[in-house]
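Peer 1: Handing you a structure now.
Nothing in this text is a laboratory measurement; each read-out follows from the coordinates by a stated rule. The shown structure was predicted, so the numbers you read here are calculated from the model rather than taken from an experiment. When we count neighbours, we look across all protein chains shown, and the Cβ atoms used for this are built from the backbone with ideal geometry, even at glycine.
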Amino acid sequence: MENSVKKTSALVVAGAFAAAAGMAGSADTASAAKEGFEKCYGISKAGQNDCAAAGGQSCAGTSTVDYDGEAWKYVKTGTCTAMETPKGKGSLEAIKAEKKG
Amino acid sequence: MTDISSWLEKPIPARAGVGLKPEHFAAILETLPDIGWFEVHAENYMGAGGPPHHYLSRIREHYPLSVHGVGLSIGGEGRLDTDHLARVKKVVDRYQPGLFSEHLAWSSHDDVFYNDLLPLPYNEETLATVVAHIDQVQDAIGRQMLLENPATYVVYKSSDMEEVDFLREVVARTGCGLLLDVNNVFVAGTNHDYSPQAYLDAFPMEHVGEIHLAGHAESVDDAGKAVLIDAHDRALVDQVWALFERVVSKGVRVPTLIEWDNDVPEWERLFEEAKKADKILEAAHRDVAIAV
Amino acid sequence: MSPLPSDMEESFARSLLDQEGVVPDGLTSYSEPVPQTRFNIYRNNVHVSLIDMMAAKFPVVLKLVGEEFFRGLARVYIRAEPPKSALTLEYGAGFPGFLEDFEHVQDVPYLADVARLEWLRLEAYNAADREPLSPEELALIDHDRLGETRFQLHPSLRTLRSDYPVMSIWEANMQDGDLSEIDMAGGGEEVLIVRPGLDVEILKMPSASCDFVRDLGSGISLHEANARALDANEGFDLQLVLSGLIRCGVFTGFSN
């Protein structure tokens with residue numbers, strides 16, 4: 001019994017693998033969509049950032065001034081403020097937290 | 001696998017080159033511009049693989065290359081980071097550059113890396129440390145290195161040697177060569193109120209194996225005096241071109257690099273700067289020919 | 001009397017990163033006896049270069065919280081965890097964990113996972129190169145022994161399972177997409193990151209795939225990994241997941 005389950009399962013695995021290799025080899029885009037692998041298309045823009053991240057080190061100083069210290073408040077102004085989470089929108093929570101403290 | 005033996009037959013010519021930026025990989029490979037050579041920062045090619053190595057290998061097939069380290073902390077009092085030295089060696093072994101250079105500066109203290117080129121006092125004690133570090137680097141990579149004069153903003157009270165004398169002594173004790181950064185001479189001269197011309201006249205030009213040229217930013221200190229920042233974020237000022245001509249007029253004909261690391265312009269704009277440096281080098285060659 | 005050189009470097013280094021930035025003893029200049037504005041150039045170089053490096057590595061975290069907040073956040077991170085080596089490719093690895101604990105971002109609970117995704121992308125970008133096996137090469141594996149086959153996976157392969165729609169958030173921010181369409185209550189995502197050639201691919205996988213991929217990567221046989229995935233999720237579709245992985249160039253070798 002145990003043996004036959006194992007055998008069947010091995011056949012299933014082999015069959016799935018062969019079919020998968022066939023599917024991946026075909027240029028059929030419909031089957032690609034069915035895979036449940038949803039490709040992310042944020043990549044091309046990311047490429048521009050790769051330059052900065054990859055070539056980040058140099059021997060130059062900078063004329064950009066870092067304004068350190070008290071001027072910085074924990075207030076977010078980015079896109080997180082447009083996304084609801086179960087805990088609420090980003091910046092509103094932050095402002096509340098600051099008033100409390 | 002790329003045949004690196006052909007690279008060794010292409011030493012870096014006494015022409016202009018530029019610092020290679022990822023933003024320009026594609027333009028360079030498409031147009032294969034008539035430029036003498038490229039320089040890269042070793043630390044940007046220390047990953048295992050990926051696009052940086054892919055593009056640098058392809059560009060290396062067409063051009064001579066120099067590798068410039070920015071993280072060895074040769075001027076630091078502590079021991080060199082031997083892991084980092086091994087990584088530098090790996091980059092040098094892989095790309096077989098015509099030149100390898102580093103800075104008279106420190107960037108690590110204890111276990112922290114500060115990602116900036118920080119100044120050291122010039123005295124017997126620091127001289128001994130720098131000499132030991134350069135011996136160690138040259139032993140590790142199995143070749144001569146060039147040491148670059150720094151752009152500095154402060155002076156140590158404990159310095160009792162001139163920078164030029166310090167460099168001369170390092171060369172005498174280690175056999176290393178020098179990388180003369182002409183913009184750094186102008187920046188440091190302005191920041192410390194000395195004559196860049198006089199500095200250059202005292203510089204041991206016979207040991208210069210490479211020249212750097214770059215733009216700088218301008219600021220003022222609390223006393224209202226000009227302070228220049230070595231920002232590599234714009235074109236050279238005329239005074240630095242003039243200092244370069246002064247160096248060339250002393251008979252120095254070595255690979256000359258345009259550095260532009262921040263606010264990097266389009267390839268064509270950078271290439272223009274290199275052509276300008278090439279014209280100065282060519283004019284000097286012509287003058288020599290006429291004199292003969 | 002000037003301090004000893006060893007004290008010099010120590011106090012110089014300390015003043016570079018601390019809040020006060022007091023000029024270390026032993027420094028001077030021709031115009032400022034205590035050269036504060038000049039010393040600040042070094043402090044500024046250190047902070048700005050490291051903050052810029054973080055901004056380049058985590059562009060979506062930056063976009064999520066806004067530039068000013070990000071730069072302040074990065075400054076706090078840099079002081080808490082400064083780089084430990086000149087290999088700055090590795091700097092920032094601790095940022096996702098830092099965000100996890102940082103009190104002022106607790107109202108953006110997905111932020112740490114977005115940072116993780118950005119970090120894994122960079123790891124994949126710089127990972128070793130390896131040629132993936134083609135579907136044709138994989139089709140040649142002896143069918144009778146497929147169940148016992150163990151695979152070598154691509155050195156750039158990374159997976160991320162998040163309780164939040166982390167890839168959707170990342171993608172929408174990279175593409176200036178409509179963020180209000182992201183269903184924050186709709187459950188998490190399992191993400192595959194791999195660079196079979198020059199480009200890093202990021203894909204959302206069916207559920208239970210992360211563990212399956214991790215099992216295969218740790219040398220567990222195909223049969224056993226499938227059995228485990230079915231235990232975790234009875235709807236696990238081996239064929240679909242395998243074809244997705246093959247198409248992404250995940251497999252680079254095998255032994256059976």
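Peer 1: Could you give the length gained by full extension between B:Arg173 and B:Glu218, i.e. 0.36 nm per residue of separation minus their alpha carbon distance, to one decimal place?
Peer 2: Working: separation 45, 0.36 × 45 = 16.20 nm, distance 3.63 nm.
Here the segment from B:Arg173 to B:Glu218 would lengthen by 12.6 nm.
Peer 1: For the protein assembly as shown, place one equal point scatterer on every Cα, skip the solvent, and apply the Debye formula. What is log10 of I(q)/I(0) at q = 0.10, 0.11, 0.12 Å⁻¹?
Peer 2: Results for the protein assembly as shown at q = 0.10, 0.11, 0.12 Å⁻¹ read -0.98, -1.12, -1.25.
Peer 1: Considering only B:Tyr114, B:Met145, B:Ala128, whose Cα is most displaced toward the positive end of the charge dipole of the range B:82-173, charges sitting on Cβ of Lys, Arg (+1) and Asp, Glu (-1)?
Peer 2: Comparing the listed Cα positions along the dipole, B:Met145 ranks first.
Peer 1: I've got another one for you. Using a 10 Å cut-off around each Cβ, can you sort A:Cys59, A:Cys40, C:Cys248 from fewest to most neighbouring Cβ atoms? Intermediate values should be presented prior to the final figure.
Peer 2: Numbers: A:Cys59 29, A:Cys40 21, C:Cys248 24.
The most exposed by this proxy come first: A:Cys40, C:Cys248, A:Cys59.
Peer 1: Ok, one more. Pick from C:Thr159, C:Thr149, C:Thr28 the residue whose mean-square fluctuation is largest in a GNM of chain C, springs joining Cα atoms under 10 Å.
Peer 2: With Cα springs under 10 Å in chain C, the top fluctuation among C:Thr159, C:Thr149, C:Thr28 is at C:Thr28.
Peer 1: If you add up the charges near B:His192, with Lys and Arg at +1 and Asp and Glu at -1, over every other residue whose beta carbon is less than 13 angstrom from its beta carbon, what do you get? Present the calculation step by step, with values, prior to reporting the outcome.
Peer 2: On the way: positive: B:Lys225, C:Arg38; negative: B:Glu162, B:Glu163, B:Asp193, B:Asp221, C:Glu32.
Net of charged neighbours comes to -3.
Peer 1: Related question: What is the sum of charges, Lys and Arg at +1 and Asp and Glu at -1, for the other residues whose Cβ falls under 12 Å from the Cβ of B:Ala202?
Peer 2: On the way: positive: B:Arg168, B:Lys250; negative: B:Glu162, B:Glu163, B:Asp165, B:Asp201.
Once all neighbours under 12 Å are counted, the net charge is -2.
Peer 1: Using a 7 Å offset from the Cα along the Cα-to-Cβ direction at both C:Val76 and C:Asp176, what is the distance between the two label points in nm, to one decimal?
Peer 2: Placing both labels 7 Å along Cα→Cβ, they lie 3.0 nm apart.
Peer 1: Pick out the long, greasy-scoring helices in chain C: whole DSSP H runs spanning 20 Å or more along their own axis by Cα, mean Kyte-Doolittle at least -1.0. Please report the intermediate quantities before stating the final value.
Peer 2: Details: long enough: C:36-57 (31 Å, -0.23); C:111-126 (23 Å, -0.03).
Flagged H segments are C:36-57, C:111-126.
Peer 1: Hey, another quick one. Could you derive backbone 3J(HN,Hα) for the range B:82-88 from the dihedral phi with the Karplus parameters 6.51, -1.76 and 1.60 (θ = phi - 60°), listing whole Hz in sequence and x where the residue is Gly or Pro?
Peer 2: Result, ordered by residue: 5, 5, 5, 4, 5, 5, 4 Hz.
Peer 1: Listing C:Ser11, C:Ser156 from the residue with the fewest other Cβ atoms within 10 Å to the one with the most, what is the order?
Peer 2: On the way: C:Ser11 16, C:Ser156 28.
Placing the least packed residue first, the sequence is C:Ser11, C:Ser156.
Peer 1: Let me ask another. Take the alpha carbon atoms of chain B, find their radius of gyration, then divide it by 2.2 N^0.38 Å using N residues; give the quotient. Don't skip to the end; give the middle numbers.
Peer 2: On the way: Rg = 18.5 Å, N = 292, 2.2 N^0.38 = 19.0 Å.
Compactness ratio reported: 0.98.
Peer 1: What is the set of long-range amide H partners of C:Lys84 at a cut-off below 5 Å, with H atoms built 1.01 Å from backbone N?
Peer 2: Under 5 Å from the amide H of C:Lys84 lie the amide H atoms of B:Phe113, each far enough along the sequence or on another chain.
Peer 1: Hey, fewest Cβ within 10 Å first, where do B:Lys89, B:Lys21 land in order?
Peer 2: On the way: B:Lys89 16, B:Lys21 21.
Least crowded to most crowded, the residues run B:Lys89, B:Lys21.
Peer 1: Let me ask something else. Please turn the phi angles of the range B:67-75 into ³J(HN,Hα) values with the Karplus equation 6.51 cos²θ - 1.76 cosθ + 1.60 (θ = phi - 60°), one per residue in order, whole Hz, x for glycine and proline.
Peer 2: Values, residue by residue: 10, 10, x, 10, x, 6, 6, 4, x Hz.
Peer 1: Within the range B:130-153, which residues have the backbone N less than 15 Å from the label spot 7 Å out from B:Tyr194 along Cα→beta-carbon, could you tell me?
Peer 2: What the label zone holds, given the 15 Å backbone N cut-off, is B:149-153.
Peer 1: Mind giving me the FRET efficiency for B:Arg269 and C:Leu198? R0 is 25 Å, r the Cβ-Cβ distance, nearest 0.05 is fine.
Peer 2: Details: r = 26 Å, r/R0 = 1.06.
Rounded to the nearest 0.05, the efficiency is 0.40.
Peer 1: Collect residues whose amide H, placed 1.01 Å from N in the peptide plane, falls under 5 Å from the amide H of B:Ala105; neighbours closer than 5 in sequence don't count.
Peer 2: B:Ile74, B:Gly75
Peer 1: For the range B:199-292, would you read off the P(r) tail past 16 Å as a percentage of all alpha carbon pairs? Kindly include the intermediate steps, with their values, before the conclusion.
Peer 2: Details: 2699 of 4371 pairs.
Value for the range B:199-292: 62 percent of Cα pairs lie more than 16 Å apart.
Peer 1: Follow-up question, since we're still on this one. What pairs in A:Lys76/C:Lys204; B:Lys250/B:Lys279; C:Lys57/C:Lys84 have C-alpha atoms more than 20 Å from each other?
Peer 2: A:Lys76/C:Lys204
Peer 1: Check B:Gly177: other-chain or 5+ apart residues with amide H under 5 Å from its amide H, H built from backbone geometry?
Peer 2: Sorted by chain and number, the residues that satisfy this are B:Met145, B:Leu146, B:Leu147.
Peer 1: Can I ask one more? Rg to Rh for the range C:129-256: what is it, with Cα atoms only and Rh by Kirkwood?
Peer 2: Numbers: Rg = 15.7 Å, Rh = 15.6 Å.
My calculation puts Rg/Rh at 1.01.
Peer 1: Treating only the Cβ of Lys, Arg, Asp and Glu as charged (+1, +1, -1, -1), what charge dipole size does the protein assembly as shown show about its Cα centre? Round to the nearest 20 debye. Can you show the working numbers first?
Peer 2: On the way: 57 positive and 101 negative charges, 196 e Å.
With Lys and Arg at +1 and Asp and Glu at -1, about 940 debye.
Peer 1: A follow-up question, please. Let me have the relative contact order for the range B:7-291, percent, based on Cα pairs under 8 Å that are six or more residues apart. Don't skip to the end; give the middle numbers.
Peer 2: Details: 509 pairs, mean separation 52.1, N = 285.
So the answer I get is 18 percent.
Peer 1: Sticking with this structure for a sec: Treating the range C:6-131 as a set of equal point scatterers at the Cα positions, no solvent, please give the Debye-formula log₁₀ I(q)/I(0) at q = 0.10, 0.14 Å⁻¹.
Peer 2: -0.40, -0.70
Peer 1: At what distance in nm do the modelled label points of C:Val22 and C:Arg228 sit from each other, each positioned 7 Å from its Cα along Cα→Cβ?
Peer 2: 5.6
Peer 1: Evaluate the distance, in nm, between pseudo-label points positioned 7 Å from the Cα of B:Ala27 and of C:Glu136 along their respective Cα→Cβ axes.
Peer 2: 4.0
Peer 1: While we're here: Using θ = phi - 60° and the Karplus relation 6.51 cos²θ - 1.76 cosθ + 1.60, list the HN-Hα couplings for the range B:97-104 in order, rounded to whole Hz, with x at every Gly or Pro.
Peer 2: x, x, 9, 10, 9, 8, 10, 7
Peer 1: Rounded to the nearest 20 Debye, what is the dipole magnitude of the range B:7-291 about its Cα centre when Lys and Arg each give +1 and Asp and Glu each give -1 at the C-beta? Don't skip to the answer; put the middle values down first.
Peer 2: Numbers: 24 positive and 47 negative charges, 203 e Å.
Around 980 debye, computed over the range B:7-291.
Peer 1: Right, another one. So how long is each side of chain C along the principal axes, counting just the alpha-carbon atoms, biggest first, in Å?
Peer 2: Reported extents, whole Å, longest axis first: 82, 42, 29.
Peer 1: Cut-off 10 angstrom, C-alpha nodes, Gaussian network model of chain C. Which of C:Phe102, C:Phe58, C:Phe12 fluctuates the most?
Peer 2: C:Phe12
Peer 1: Now, a different point. Sum up the charges of everything whose Cβ sits under 10 Å from the Cβ of B:Ala226, counting Lys and Arg as +1 and Asp and Glu as -1, but leave B:Ala226 out. If you can, show how the numbers build up before the last one.
Peer 2: Working: positive: B:Lys225; negative: B:Asp193, B:Glu218, B:Asp221.
Local charge sum for B:Ala226: -2.
Peer 1: Here is a follow-up. GNM on chain C, C-alpha springs below 10 Å: top fluctuator among C:Val34, C:Val76, C:Val48?
Peer 2: It is C:Val34.
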